[in-house]
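The values are calculated or read from the model by the stated rules, or taken from the named source; none is laboratory data. Since we're looking at a predicted model, the values are computed, not measured. Note: ideal-geometry Cβ built from the backbone for every residue, glycine included; neighbour counts use all protein chains shown.
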Amino acid sequence: MNISFSVVLLQGIPEQIAVVILALSIARQPFKWREVIFVGIILAITAFMVRLLPITFGVHTVVLIGLLFAYLSFIKKVDLSSAILSSLLSFLVLIVSESLIVPTIMNLFAISREELLTNDFIRILITLPHVLIIFFVALFIKKKRLDIKESSDAF
């Protein structure tokens, strides 16, 4: 699937940053924005490069899960089971949210698949809501984990 660099920049990078934050939240890891942005950029560029290869669509997702797992386990030192669980759950949330929200918005505004694939501006706008949802899910998980920690520290 052909993707322009503007889509990678304005949709792919924010999407991957959201996935990284979600994975870190699930893994109960603190994060630094500079590091998260860097990893998000690496993941988005990797997805772009893998999609340019003459291979089956979806392979990029497997590669990204592997890279996120490697980041969590080798850089963040998350134990292997938490790293794989966090990686898989983060991409599951991405896939489910994208699968539900993008078609809903397309139907709501009568946007065809052809128009979505050929108009970068529409593609970026339509995909931003699921990216925001991933951010909110990550922040919700992080807040709940902090609330639980604070209440257990009280005892």
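Identify, please: which residue in region 68-84 is charged (D, E, K, R) and on the phi < 0 side of the Ramachandran plot and is, among those, farthest from the chain's Cα centre (by Cα)?
First, pick out the residues of region 68-84 that are charged (D, E, K, R): 76-77, 79.
Still in the list and also on the phi < 0 side of the Ramachandran plot: 76, 79.
Values: K76: 17, D79: 21 Å.
The residue in question is D79.
Go through A44, A18, A27, A23 for me and flag whichever is free of Cβ contacts under 8 Å to residues at least 40 places away in the same chain and buried (at least 19 other Cβ atoms within 10 Å of the Cβ). Exactly one residue qualifies, and that residue is A44. Candidates in region 30-60 are the residues that are among the small types (G, A, S) and part of a helix (DSSP H, G or I); of these, the one that is farthest from V19 (Cα to Cα) is A47.
With the structure loaded, tell me whether S73 is at pLDDT 95 or above, surrounded by 14 or more Cβ atoms within 10 Å (Cβ to Cβ), over 16 Å from F91 (Cα atoms) and polar (S, T, N, Q) or whether it fails that test. Give the steps one after another, and end with the answer.
Working: at pLDDT 95 or above: yes; surrounded by 14 or more Cβ atoms within 10 Å (Cβ to Cβ): yes; over 16 Å from F91 (Cα atoms): yes; polar (S, T, N, Q): yes.
So S73 passes the test.
Going residue by residue through region 80-96, is there one that turns out to be surrounded by 13 or more Cβ atoms within 10 Å (Cβ to Cβ), farther than 18 Å from I13 by Cβ and in contact with a Ser or Thr (Cβ under 7 Å, 6 or more places away or on another chain)? Yes, because at least one residue in region 80-96 is surrounded by 13 or more Cβ atoms within 10 Å (Cβ to Cβ), farther than 18 Å from I13 by Cβ and in contact with a Ser or Thr (Cβ under 7 Å, 6 or more places away or on another chain).
Of the residues that sit in region 47-60 and are in contact with a helix residue (DSSP H, G or I) (Cβ under 9 Å, 6 or more places away or on another chain) and without any contact (Cβ under 8 Å) to a residue 12 or more places away in the chain, which one is nearest to F121 (Cα to Cα)? Talk me through it step by step, then tell me what you get.
Here is the first cut: in region 47-60, the ones in contact with a helix residue (DSSP H, G or I) (Cβ under 9 Å, 6 or more places away or on another chain) are 47-51, 53, 57, 59-60.
Pick out the ones that are also without any contact (Cβ under 8 Å) to a residue 12 or more places away in the chain and you get 49, 53, 59.
Values: M49: 21, L53: 24, V59: 25 Å.
Applying the filter and picking the extreme gives M49.
Yes or no, residue by residue, for (1) aliphatic (A, V, I, L, M); (2) without any contact (Cβ under 8 Å) to a residue 24 or more places away in the chain; (3) assigned to a helix (DSSP H, G or I):
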site	(1), (2), (3)
V62	yes, yes, yes
L68	yes, no, yes
Y71	no, no, yes
I95	yes, no, yes
P103	no, yes, yes
R123	no, no, yes
